[in-house]
1. Working only within segment A:131-176, note down all residues that are outside any helix (DSSP H, G or I), of a type in the set (Ser, Thr, Tyr) and farther than 18 Å from A:Leu224 by Cα.
2. Filter segment A:88-119 down to residues that are near DNA strand B (Cβ under 9 Å from one of its atoms), loosely packed, with under 13 Cβ neighbours inside 10 Å and free of Cβ contacts under 8 Å to residues at least 12 places away in the same chain, then give me how many there are.
3. Restricting the search to segment A:237-274, which residues are of a type in the set (Gly, Ala, Ser) and either more than 9 Å from DNA strand B (Cβ to nearest atom) or within 22 Å of the chain's Cα centre (by Cα) (or both)?
4. Do we have A:Val381 as at pLDDT below 95, among the β-branched types (Val, Ile, Thr) and within 26 Å of the chain's Cα centre (by Cα) here?
5. Among A:Gly336, A:Gly327, which is the only one that is small (Gly, Ala, Ser), surrounded by fewer than 16 Cβ atoms within 10 Å (Cβ to Cβ) and part of a loop (DSSP other than H, G, I, E, B)?
6. Taking the stated definitions as given, is A:Glu85 surrounded by fewer than 14 Cβ atoms within 10 Å (Cβ to Cβ), at pLDDT 90 or above and more than 24 Å from A:Val321 (Cβ to Cβ)?
7. All but one of (1) touching a residue at least 24 places away in the same chain (Cβ under 8 Å); (2) away from DNA strand B (no atom under 16 Å from the Cβ); (3) more than 30 Å from A:Ala532 (Cβ to Cβ) hold for A:Leu325; which doesn't?
8. Can you tell me which condition A:Ser232 does not meet? The list is (1) within 21 Å of A:Asn280 (Cα to Cα); (2) touching a Gly at 6+ places or on another chain (Cβ under 7 Å), and all the others hold.
Amino acid sequence: MDKVEELSRAFEQLAELSEIKGEVRFKVNAYHRAAEVVRTYGEEILEKDDVDELRRYPGIGEGIAKKILEFKRTGTISKLEQLKEEIPVELLTLLQVPNLGPKRAKLVYEELGVRTIEELQEAAESHRLASLRGLGPKAEQNILEGIRQLQQGSGRLLLSTASRLAEEIVGLMRERIPGLVISPAGSLRRMKETIGDIDLLVSSEEPGRVMEIFCDLPLVSKVLLHGDKKSSVLTDEGLHVDMRVVRPEQYGAALQYFTGSQSHNIRVREIAKKKGLKINEYGVFVVEGDRRIAGETEEEVYRVLGMAWPPPELRENRGEVEAALRGRLPRLLEEGQVRGDFHVHTRASDGINTLEELREAAEARGYRFLAITDHAASLKVAGGLDRDRILRQVEEIRALNARGDSPVILLAGAEVNVGNEGELDYDEEVLSQLDVVIASVHSGFKQSREQITRRILTALRHPHVKIIGHPTGRLLGQRPPYEVDLRAVMKEAAELGKALELNAFPDRLDLNDEALLEARELGVMIAIGTDAHRAEHLSFMRFGVATARRGWVPPDLVVNAREPEEVLRWLWDGRR
DNA sequence: GCCGTTTTCGGCCCGACTGTTTTCAGTCG
């Protein structure tokens, strides 16, 4: 775990332990906020050396600034260590159980000595929970249900999976209620890389009927809540889906509220409050007299607060609130600006389509270029191309382009492996014929931070390499990122005018949004590649674009938004 | 613990749903 992650987790633990201890809510919130600020501005914050500089960040005051400096100095925070002595840290795992929060965690620990989820389950099964003050048989059952959900709950869904499921439910609802106004909200609308539960918002005059239909859908296996305004179900695959229904004139306010993020909403409501307004999911109201002044559209809700409309992908309380207030929201990449894809495999290595099939698919998407980047020879598992085969492929590509019958220019390329010393697996003669060389780490994931960073820097400095592929190597839910000093890689890339990949394959999304925020700050160019292994995968571009937007990346840093001539100039610059 | 063209003290987002309540606490998002 890197330092940023560690510090952010430390504040998270500080918040949770304080909450169990019974500290005032506001202090707990302040720690949560600090954890979030650290996650957002991590590296930058860790470079700061004095309290006053740190206090410029929103939500960091004297107390938290001193704790950050203490962490830098000693690797820990004494206040946290102290709390850990008072409250067993295992109790934090209890908070993961749905329907059991800090109050009940404290109660079961103090009254029954319960510290672990196993002990909690035993206590519930032997009906010792129901005897506690404020708990009864239902609460006991709900906690057991929570434990069950936690154990079988596959955790978070990939964005792509959640999108597909949401579309399926929307389809089923519209079959039953033609013309139904229904939209994804929550983290799905914000396009987070993983989704905890699917949130859907409906506009209707007949909430009762909508909820009946929703709770009766064939894929629903258990109804967790069933109200007129809010219902919550588990699907047969154990996925959690929430639905809210509001009246049409409330739709904008509800969409704003239900899209979140929670901390974005808190900030927005604070602003409303200072203006003598109140925001809830039904509208914006003047507190005096309870007069409603907005709510039909989201734009209207933000406008009456003096804010520009922040795109959902930005709503994470990472500075977008301030930017929207000043009317200085960043220009963001849009899918329509994308002229091509930098990372595609054919059947020559481990993909399934031919050059022509892929070119057709690119044409259908309105692209102007498509980089063909099969694996190089040393990646045997992926059927990597040896010297002869890659040279033949280059010829084929040149011949296809020469036919001049497509608006899409194919770029001859390869995804080459970065060896243990940063060496590449094609020789100069091959590399010098390729338009695009992506260098990726596919081995030695367990090496030290120093070694991996050195390998990547060496590859990055190679004259023929213009892009570092999936720079952290993580696979969501399967493999953590390897240890690499990303900031050093970013600085070097910015210096050399080279790009880091934003790999848009749904399991990767690498660089992620947080790294992209940093890359943008440093002015690093970004090349989005879908890592497509079949033609349909080209549509993963939407997840890449969404992730770039979440990282505030402006279109002029994204190489995909350039015309092919300009892309080629960049690719060949400094190589001959 | 943070924060301030209303305040350096006294505020701090807002509501739905559930269960155990005799008027509301806990959890969730």
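The values are calculated or read from the model by the stated rules, or taken from the named source; none is laboratory data. Worth saying up front: this structure is predicted, and the values here are computed from it rather than measured. A quick note on method: Cβ atoms are made from the backbone with ideal geometry, for glycine too, and the neighbour counts reach across all protein chains shown.
1. A:Ser131
2. The qualifying residues number 1.
3. A:Gly238, A:Gly252, A:Ala253, A:Ala254, A:Gly260, A:Ser261, A:Ser263
4. No, not satisfied.
5. From the options A:Gly336, A:Gly327, the qualifying one is A:Gly327.
6. Details: surrounded by fewer than 14 Cβ atoms within 10 Å (Cβ to Cβ): yes; at pLDDT 90 or above: yes; more than 24 Å from A:Val321 (Cβ to Cβ): yes.
Judged against the criteria, A:Glu85 is a match.
7. Failed condition: (2).
8. (2)
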